[in-house]
Amino acid sequence: MSQSKQPIDPIVPHTLFGQLTRRQLLTLTAAGAAALAVRGDIARAQDAPSRGGTLRAAAVGPVTSLDPFTSKLSSGDQLLWRFLYDSLLTVTSTGDFAPEVATEWTVSDDGLTYTFTLRSDVKFHDGTALDAAAVKFNIDRYRQEGSTYPTADRLKVIDTVEAPDATTVVITLKTPNTPFLFNVGTAGIVSPTAVDALGEDFSSKAVGSGPFKIREWTSGSTATFDRWDQYWVQGADGQPLPYLDSVELEGVPDDSVRLLNLRSGEFDINERISPLDQQTVKSDPNITLVTTEHATPYILALNPTKAPFDNKALRQAVAASIDRQAIIDNVGYGTGYTIAIPFLPDSWFYIDGPQAVFDTSVATAKLAEAGYPDGIDITFTIINRPTDNQIAQIIKPYLDAVNIRTTIQVLERTTWVDLWNGRNGEMGLLQGGMTAQDPDEQSGWFSDTSLANYAGYDSPQIRDLIAQANATTDQAARLEAWKQIVQINTDDAVYTFIGAVPTVAGVRNNVAGFEIDFGYFWELAGVSLSQ
């Protein structure tokens, strides 16, 4: 099928309506075909999609594990989870929930009990049933000690998980938790049978119930997936999704390499087009730029658990030494903006301050207050990525100018993560993610049990404020709690949130039906390639 042409300029929205995506089909199943008939994209959605072909995609981060339980939070991991796994719910492009494995759900009046009713026809790739017992197994597994699942700490609000019958899951919380439905509803569901049978090998031979099953992956290599021909969602042609025969996903941290291979046709999808390259790509008739409900924040982390940055005045000296606006202007080429915390500007919970202020006189005074009137030597560890290198080279002269003498140490991602998870870094640079889903998405920076809290920041006051914010549905009260969190974090200066750059993907025009959802997951079940 030939894809309907999208305008090259301006950048198109985050969904390419070549035909029905998996999310649209799920919504259609739940709401009825008549509901979709009013959509403006229905003419294109009804085009007959092509079947077959291999889609090749490039992620910014490497694949570290196929198993969400043992992930190291790489973007490569999180993108492929939607290839392999279904979840209880899915999130629409407007941030609303829609059925997936769960056909319906209810919440008790006191906000403590969530009851999910499941489909009865979903099978894992190993032929076993995705039933209530399997869902219970997964939720209990993600919240147990040792899990590195991104929201593992946010599932610890759970008191009990019960499976009274094959199609009913009942989850009872310890306290009301407003963002809980997103955290539990979007978790990938793996095969319990395969986990037991494969043991440690599950991380490279994972088994789910999603539209694709793993063919081959070893650490440092391309991950290859084949279509699951017994997938339970049907396409627009009345046959089971997916349309593609296979998908190849490769982690390529270098922006220029990803772009070069996208232009040559080696890749069909590039997770992120750098701001520097976007204007050039707009003139390429073979590529469409796709906006997302996502941005990439850049964060400076100082380790408060050991010397020298257990000294608050020294942390404040670093924060006052750097010109965050100049940094983000340099890497964002006019698309970026400074942030007080990683919240999108168009979200209901956006907070614009207070932010760290660039003032060398304050930096010098704080350095003396910290006990280092003659300056200090520090090690600045970064991940070997082009943007990280660029930012580090900008930051170093600012710090050197106030006598915070900086040595940059460049590490591979896994080594950097292990160093900081072991609380052994001094100063580090990292990237995060921002969506408009919920402010609690950023609570990991402040949780003493979250692996996203690389600096080991432990503020009892912030923890209490997060608990207060999550215990109410009142947006004004939640926003007020988060404003206090921003104030405390800015003063403590453990994390200096430098700024953010909107994420723009690149897709070749032979690709139809590609969608990036509200939580920044790729939907590939409904994708087809023109022949």
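Taken together, the values in this text are just the output of simple stated rules run on the coordinates, not laboratory data. Just so you know, these numbers come straight off a predicted model, no measurement behind them. A quick note on method: Cβ atoms are made from the backbone with ideal geometry, for glycine too, and the neighbour counts reach across all protein chains shown.
How far apart, in nm, are the 7 Å Cα→Cβ label points at residue 361 and residue 113?
Label at residue 361, label at residue 113, 6.3 nm between them.
Quote the relative contact order of the chain in percent (integer), defining contacts as alpha-carbon pairs under 8 Å separated by 6+ residues. Spell out each step's value before the answer.
Details: 1206 pairs, mean separation 122.9, N = 531.
23 percent.
If packing is taken as the mean number of other Cβ atoms within 10 Å per residue, what is the order of 429-439, 162-172, highest first?
Numbers: 429-439: 21.5, 162-172: 15.9.
Per-residue Cβ counts within 10 Å, averaged per peptide and sorted highest first, yield 429-439, 162-172.
Against the empirical 2.2 N^0.38 Å scaling, what ratio does the C-alpha Rg of the range 295-503 come to? Present the calculation step by step, with values, prior to reporting the outcome.
Numbers: Rg = 16.3 Å, N = 209, 2.2 N^0.38 = 16.8 Å.
Relative to the rule-of-thumb radius for its length, the range 295-503 sits at 0.97.
Report the rotationally averaged projected area of the chain based on its alpha-carbon convex hull, in square nanometres. Walk me through the numbers on the way to the answer.
On the way: hull surface 91.5 nm².
Its Cα hull, projected and averaged over all orientations, spans 22.9 nm².
Any chance you could list P(r) for the range 86-202, counting all Cα-Cα pairs in 5 angstrom bins from zero, rounded to whole %?
Spelled out per bin, shortest first, that is 2, 11, 22, 25, 21, 12, 5, 1, 0.
In whole Å, what are the extents of the range 389-486 along the principal axes defined by its C-alpha atoms, from largest to smallest?
Extents along the principal axes, in whole Å: 46, 28, 25.
Given the alpha-carbon gyration tensor of the range 240-328, what are the semi-axes of its equivalent ellipsoid in whole angstrom, ordered largest first, with each equal to the square root of 5 times an eigenvalue? All intermediate terms of the calculation are to be shown ahead of the outcome.
Values: eigenvalues 307, 66, 27 Å².
With the √(5λ) rule applied to the range 240-328, the semi-axes are 39, 18, 12 Å.
Order of 71-81, 369-379 by packing, highest average Cβ count within 10 Å first?
Working: 71-81: 22.7, 369-379: 14.2.
Highest-to-lowest ranking by the protection proxy: 71-81, 369-379.
State which entries of 174/205; 72/213; 72/483; 396/483; 72/396; 72/136 exceed 26 angstrom in Cα-Cα distance in the structure shown.
Flagged as over cut-off: 174/205; 72/483; 396/483; 72/396.
Just to check I understand the Karplus step: with θ = phi - 60° and J = 6.51 cos²θ - 1.76 cosθ + 1.60, what whole-Hz values come out for the range 58-74, glycine and proline as x?
10, 9, 5, x, x, 7, 9, 6, 7, 9, x, 5, 10, 5, 9, 6, 6
For a quick check: with amide H placed at 1.01 Å from N, whose amide H comes under 5 Å from residue 525's, ignoring anything fewer than 5 positions away on the same chain?
Under 5 Å from the amide H of residue 525 lie the amide H atoms of 22, each far enough along the sequence or on another chain.
Check residue 452: other-chain or 5+ apart residues with amide H under 5 Å from its amide H, H built from backbone geometry?
Here nothing satisfies the definition.
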